[in-house]
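The values are calculated or read from the model by the stated rules, or taken from the named source; none is laboratory data. Just so you know, these numbers come straight off a predicted model, no measurement behind them. We place every Cβ from the backbone using ideal geometry, glycine too, and count neighbours over all the protein chains shown.
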Amino acid sequence: MEPGLRTYILKRVGFAVLMLVGVSIILFTIMRLAPGGPEAVLIGGEFSQEAAAQIRQRLGLDRPLALQYLGWAGGALRGDLGRSFKTGDPVAALILDRLGPTIQLTFGALALALVVAVPLGVVAAVRRGTIWDTLGSAVALFGVSFPSFWLGIMLILLFSEVFHVLPPSGLSEYGREAELAARVRHAILPTLTLGLIQMASFMRFTRSSLLEVLRQDYVRTARAKGLSGGRVVWRHALRNALIPVVTVVGLSLPTLVGGAVLTETVFAWPGIGRLAVGAVFERDYPVIMGVNLMVAAVVISANLLTDLAYCVIDPRISYR
Amino acid sequence: MIHAMLLVLLVALIGLTPSASLAAGKDFVIGLSGDATSLNPVIATDGQSYIAEWPLFDSLVELDQGLNVKPLLAESWEVSRDGLTYTFKLKRNVKWHDGKPFTARDVAFTFYSVLDPKVTTPHRAYFDALVGFPELTAKENPKKPEELAVRPIEVVDDHTVRFRLRYPSGSFLAVLVNPRAGIVPEHILKGTDLNTAEFNRRPIGTGPFKLVEWRRGERLVMEANDQYHAGRPALDRLIMRIIPDSVVLLQELRSGGVDFIENPPLTEVARLKQTPNLKVLVTDNTSYTYFGWRQDLAPFTDVRVRRALYHAIDVPTIVREVLQGYAVVSTGQFPPSSWAFDSSVKPYAYDPARAKALLAEAGFKPGADGVLAKDGKRFSFSIRHDQADQSVKDTAVIIQEYLKRVGVEAHLEPLDWPTFVKKLFASDFEGIVVGWTNHHDPDPFAYTIWHSSQWKGRNFAHYKNPRVDEALEAARRTGNTAERKKHYAEFSKLLMEDAPYVFLYFRQQVYVTRAGYEGFIPIPTFGGIYQSLKAVRWTGK
Amino acid sequence: MTAPVRSERPSIFDRFTRNRRGLVGGLVVAIMLTAGALAPALAPQSYSSQSLLNRLQPPSAAHWLGTDGFGRDVLSRVIWGSRVSLEIALFATALSLVVGTAVGSVAGYFGGGVDTAIMRAADVFLSVPALFLILIVVALFGASLANTALVIALVTWAPVGRIVRSECLSLRNRDFVHAAAALGAGHARILGRHLLVNALPIVIVQASLLLGQTILIESGLSYLGLGAQPPLPSWGNMVVEGRQFLASAWWIATFPGLAIFVTVLGFNLFGDGLRDASDPTLRGHSP
């Protein structure tokens, strides 16, 4: 490995770690600056000042902020994300537990969205100006103008209340977790809710991106004598057009890993998004920090890996 | 790509068969809007935990529909003539869920834990009457039970336990019921820190159901306890599903995903009553909502102003129109179903003209913008409330409007619960709309809310009236219910004269369940219906 | 894009007015903005005056869109709701654009180390789930207009910055920039007069799309109880309040829901139209 490359990699990794630390510090500070704390939630309606003080002490919240942060950070470095203030469960276990349903939902929706959106976007771009384009673009436009929770609610209304064909919420029924059919039925509406809106957004993006590329190629090939094989142009154009789409998917990585909060709340889906939201409302600092750290770590590593991959793949890219 | 789409379609078609329900009838699915925090009756404090604890733990005694105490783990008891000694004979052959025998030592352990200052429990104050309470619960150098000359709780033998009181409290038996007084096992918890014990996630009780699974934020699953001392419950399993969206919860009920929900949107109740396979159960509650303020803050210090505010709000209309009649107008600390309730105490009637007159008497004149002012200060204040409680939010909005009509300006300040509670107990507020969960016995809350010694506690509104103090103390020190009733009647009268709150309403508990389930006993106290889960059975209709 | 020679190519404005979608979008936007601005005058009644005996009334002559759970006039609340929803949207978008443009242009213009540093900082914001960060701030610090707008801006400035940056990156080596520098123009001047002016169309397109997005975010926050607080009506909290009555009084949630949809659609159409119009190589008219 060339020395320059090694330095570059080290530098990038260093940056990545720095960013992780930065994210955690920012979050930590924001949360501690807020009024109120977890005592009220833990004590509930029969609040008393003494009980509150007792809890603060037990949770270590009466120590100086810097110490609290270092304590948490030290633990995190060892892989110990602490315990939930509310339940006492280890945070890492809580997150791992919810990871499965989250991935199932978000990746399912992503797959659905891409599988439908990309071809539609291509068709709309290639047949620009025709009825296909107009129709497709109109549907996509409608799709991105909808609040996501509203879509979920409407779907439940339609498929659970009016036509009793699908269950309104939940991951599966007790005792039937192993049954694929049951799990699929429960997953249909939430996946649709999340997927349809993403689909609309991706479709628009694919279309405009492909149009951009086609235009350039079109101009170039038009200048060249005669047209080269349409298919060659087409395939080349599509590949270039998809690069920005990949970027957009990458931008939605935090949501993919961090869960889709609104959809999960509507459908009572036991994912990371709901875990995080609940933790915010209950001032469950270890859980909030843990979830954010995990998401940030995933996103930053993904970016890092992509950058490094480019480096390795294309030796012409300069790195300093 | 086409293949992928076809696959999705195929899978979808497989799934599109009408929803089937669970092992019909033998399981009972309860829909909850939030998750429990911990399943340990000594430390848990939130409503969801109470509901989950009820089937898992027994208490010494339980309630009947008239709120009278009946035996449960205690077969019988004797009260000494001076009302200072209670001796309970415990049921024999009661086993914990892990098979070990239940004895009097578990009872002693449970309540000593409640008294232990190192344990963060909200129930400590309920046991104020026990001998040695001040010494055992002192903040500095609390004593241990062994160090006392006379111990409050004595294990006489394996099946006999004795409590000693320092004054003849009439409420003692009443506080020994669920959900606040479930008995926990000594053989598991002795020597552990109850605040953080693993037990709180994997409880062992003597109740009719045992915990099988707890998937946080998703569901709790319990199965029938075959060894239950009062006979195995008719249901096989209880499944509590957590569904945060209240409308989706209702849809789950309608589509068969859950069998039981509490507090549906009130406008839906009429329709639910008419749904053939559902039935609605309604019962009174001890909890009430009120509009209050700092008693020691001007202009609330003037009794005319307080009474004016009371006259300004049309509570009966709110009850009828907004709560659809599923509430009872409140006239004070006690609900009509309580023995301490005095029907001769009447609230101030809705009379905006009188309200304006009283305010004018108190020196207020309308300003240029229509808002009353006195000595250059506008009558304008903030109303703080919980931003997550929809019915409280609605009530606050309505109150703001009524106040506006008499020239009083109120700003609504919804706060999230942790912030709100903090400010409440720090007395950092002007006006508030909030509720009290209350207890079916008058003493625990009446004293802690209204006695002038409790300014650092529940009396964060800083109410002070020496005659009220006297009445409360007198009521506390006697075991004679007739006597207590007299003192509480005096208390209620004095309270209404002072008008420290606008007492709003006692919301009723409304439950909706699938029609084929029978055996519910809706008891008019918080969550009382969950006590009868052991008696619920499926009739298959 | 260099300044077009007038006599040969149609200007952006001309192209835009020939773009039907953009026009429709612009019309919708204009209507909603006007409704919001003139709300006090337009709304037939106050948005907060209740009439508990008149709850849940269907649309009628007295109340064109019916009354809600407190007997308040739905039409007035929808009109006022446009003001509240748009206020938040405008604040947040303006803030987002200002920050995004400033940061992006500096990064793109100076390039090199400055660029890297700034982009890394932006990455920090992009690695936290957006709604999550919004939630933390709004739940913990209160759901006020300022907080909501601020935090929405915080999570949306990065894409704007990115776009402006790439625009500036590609423009900074053009002849006219070198010429200006040779003539003695300082960095600020070049940035302001030359680069930003050219990036303006793109920024405006982003603005339009962002406005729509913000309205959707606010409605999502309302679903979680963190949007505009009662009695102030925002379309989001009206939809949420009205949901429980969907079966018995559908108008309470439907009209504000429709308002959200139509307005966001309008902003998207407008943005699309602008983007098509500012595209220098398009020929003919777009559908």
- prompt: Does C:ALA139 satisfy being at the interface with chain A (Cβ under 7 Å from one of its Cβ atoms) and part of a helix (DSSP H, G or I)?
  reply: yes
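So that you can scan it fast, the table gives a plain yes or no per residue for (1) surrounded by 22 or more Cβ atoms within 10 Å (Cβ to Cβ); (2) in contact (Cβ under 8 Å) with a residue 40 or more places away in the chain:
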| position | (1), (2) |
| --- | --- |
| B:SER33 | no, yes |
| B:LEU60 | yes, yes |
| B:GLY66 | no, no |
| B:THR85 | no, yes |
| B:THR121 | yes, yes |
| B:GLY132 | no, no |
| B:GLU135 | no, no |
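Do the conditions hold for A:LEU96, that is, is it surrounded by fewer than 21 Cβ atoms within 10 Å (Cβ to Cβ), modelled with pLDDT of 85 or more and not charged (D, E, K, R)?
Working: surrounded by fewer than 21 Cβ atoms within 10 Å (Cβ to Cβ): yes; modelled with pLDDT of 85 or more: yes; not charged (D, E, K, R): yes.
Taking the combined requirement at face value, the residue satisfies it.
Only one of A:GLY129, A:GLY170, A:GLY108, A:GLY175 is modelled with pLDDT under 90 and either touching a helix residue (DSSP H, G or I) at 6+ places or on another chain (Cβ under 9 Å) or among the hydrophobic types (A, V, I, L, M, F, W, C) (or both). Can you tell me which?
A:GLY170
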- prompt: When both residues are 6+ apart or on different chains and their Cβ atoms are under 8 Å apart, which pairs have a first residue that lies in region C:211-238 and is more than 9 Å from chain A (Cβ to nearest Cβ) and free of Cβ contacts under 8 Å to residues at least 24 places away in the same chain, and a second that is among the basic types (Lys, Arg) and surrounded by fewer than 24 Cβ atoms within 10 Å (Cβ to Cβ)?
  reply: C:PRO230/B:LYS393
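Would you mention how many residues in region B:85-124 are more than 30 Å from B:ARG458 (Cα to Cα) and either not in a strand (DSSP E or B) or not basic (Lys, Arg) (or both)? Walk me through how you get there before you give the answer.
Going through region B:85-124, the residues more than 30 Å from B:ARG458 (Cα to Cα) turn out to be B:87-106.
Right, trim to either not in a strand (DSSP E or B) or not basic (Lys, Arg) (or both) and you get B:87-88, B:90-94, B:96-106.
Total satisfying the criteria: 18.
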- request: Would you mind finding the one in B:LYS423, B:LYS404 that is touching a strand residue (DSSP E or B) at 6+ places or on another chain (Cβ under 9 Å), at pLDDT below 95 and under 23 Å from B:ILE449 (Cα atoms)?
  value: B:LYS423
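Every residue, every condition in (1) exposed (fewer than 15 other Cβ atoms within 10 Å of the Cβ); (2) within 29 Å of B:ASN438 (Cα to Cα); (3) of a type in the set (Phe, Trp, Tyr); (4) at pLDDT 85 or above, yes or no:
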{"residue": "A:GLY44", "(1), (2), (3), (4)": "no, yes, no, no"}
{"residue": "A:ALA51", "(1), (2), (3), (4)": "no, yes, no, no"}
{"residue": "A:PRO64", "(1), (2), (3), (4)": "yes, no, no, yes"}
{"residue": "A:TRP72", "(1), (2), (3), (4)": "no, no, yes, yes"}
{"residue": "A:ARG83", "(1), (2), (3), (4)": "no, no, no, yes"}
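Let's see how each residue does on (1) surrounded by fewer than 21 Cβ atoms within 10 Å (Cβ to Cβ); (2) within 10 Å of chain A (Cβ to nearest Cβ); (3) modelled with pLDDT of 95 or more:
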| site | (1), (2), (3) |
| --- | --- |
| B:ALA181 | no, no, no |
| B:GLU213 | yes, yes, no |
| B:GLU218 | no, yes, no |
| B:ASP226 | yes, no, no |
| B:ARG232 | yes, no, no |
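Tell me, which residue of region A:146-159 that is within 20 Å of the chain's Cα centre (by Cα) and either within 10 Å of chain C (Cβ to nearest Cβ) or among the polar types (S, T, N, Q) (or both) is surrounded by the most Cβ atoms within 10 Å (Cβ to Cβ)?
Taking the candidates together, the pick is A:GLY152.
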field: So B:TYR501, is it in contact with a Leu (Cβ under 9 Å, 6 or more places away or on another chain) and more than 30 Å from B:ARG81 (Cβ to Cβ)
entry: yes
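Those residues that are within 31 Å of the chain's Cα centre (by Cα), under 15 Å from C:PHE245 (Cα atoms) and surrounded by fewer than 20 Cβ atoms within 10 Å (Cβ to Cβ), I need them from region C:58-73; list them, please. Walk me through it before giving the result.
Looking only at region C:58-73, we keep the residues that are within 31 Å of the chain's Cα centre (by Cα), and these are C:59, C:63-70, C:72-73.
Filter once more, so that each one left must be under 15 Å from C:PHE245 (Cα atoms): C:59, C:65-70, C:72.
Passing the criteria: only C:PRO59.
For residues in region A:19-37 being at the interface with another protein chain (Cβ under 7 Å from one of its Cβ atoms) and over 25 Å from the mean Cα position of the chain (by Cα), which is surrounded by the fewest Cβ atoms within 10 Å (Cβ to Cβ)? I'd like the intermediate steps shown before the answer.
First pass over region A:19-37, keeping only residues at the interface with another protein chain (Cβ under 7 Å from one of its Cβ atoms): A:19, A:22-23, A:30-31, A:34-37.
Next, from what is left, pick out any that are over 25 Å from the mean Cα position of the chain (by Cα): A:34-37.
Details: A:ALA34: 18, A:PRO35: 14, A:GLY36: 18, A:GLY37: 21.
Per the stated criteria, the residue is A:PRO35.
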query: In region B:385-423, what residues are surrounded by fewer than 21 Cβ atoms within 10 Å (Cβ to Cβ), closer than 29 Å to B:VAL177 by Cβ and within 12 Å of chain A (Cβ to nearest Cβ)?
result: B:ALA388, B:ASP389, B:TRP417
Tally of residues being within 14 Å of chain B (Cβ to nearest Cβ) and aliphatic (A, V, I, L, M) across region A:106-138: 13
- prompt: Is there any pair with a first residue in region A:255-269 that is at the interface with another protein chain (Cβ under 7 Å from one of its Cβ atoms) and on the phi < 0 side of the Ramachandran plot and a second that is hydroxyl-bearing (Ser, Thr, Tyr) and assigned to a loop (DSSP other than H, G, I, E, B) whose Cβ atoms are under 9 Å apart and which are 6 or more apart or on different chains, and what are they?
  reply: A:VAL266/A:SER169
First in region A:48-65 and more than 8 Å from chain B (Cβ to nearest Cβ), second anywhere and part of a loop (DSSP other than H, G, I, E, B) and exposed (fewer than 14 other Cβ atoms within 10 Å of the Cβ), Cβ under 6 Å, 6 or more apart: A:ARG56/A:ASP62
task: Looking only at region B:137-169, count how many residues are surrounded by fewer than 19 Cβ atoms within 10 Å (Cβ to Cβ), under 25 Å from A:ARG58 (Cα atoms) and not hydrophobic (A, V, I, L, M, F, W, C).
output: 7
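For (1) buried (at least 19 other Cβ atoms within 10 Å of the Cβ); (2) modelled with pLDDT under 85; (3) of a type outside the set (A, V, I, L, M); (4) under 30 Å from A:PRO35 (Cβ atoms), each residue gets a yes or a no:
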| position | (1), (2), (3), (4) |
| --- | --- |
| C:ILE134 | yes, no, no, yes |
| C:SER170 | no, yes, yes, no |
| C:GLY212 | yes, no, yes, no |
| C:ILE215 | yes, no, no, yes |
message: Of the residues A:VAL139, A:VAL184, A:VAL115, A:VAL144, only one is touching a Gly at 6+ places or on another chain (Cβ under 7 Å) and among the hydrophobic types (A, V, I, L, M, F, W, C); which?
response: A:VAL184
statement: Note on B:ARG307: of the conditions (1) within 14 Å of chain C (Cβ to nearest Cβ); (2) part of a helix (DSSP H, G or I); (3) in contact (Cβ under 8 Å) with a residue 12 or more places away in the chain; (4) not hydrophobic (A, V, I, L, M, F, W, C), unmet is (1)
task: Starting from residues that are outside any helix (DSSP H, G or I) and closer than 19 Å to C:ILE88 by Cβ, keep the ones in region C:21-52 and report whichever is nearest to the chain's Cα centre (by Cα).
output: C:LEU38
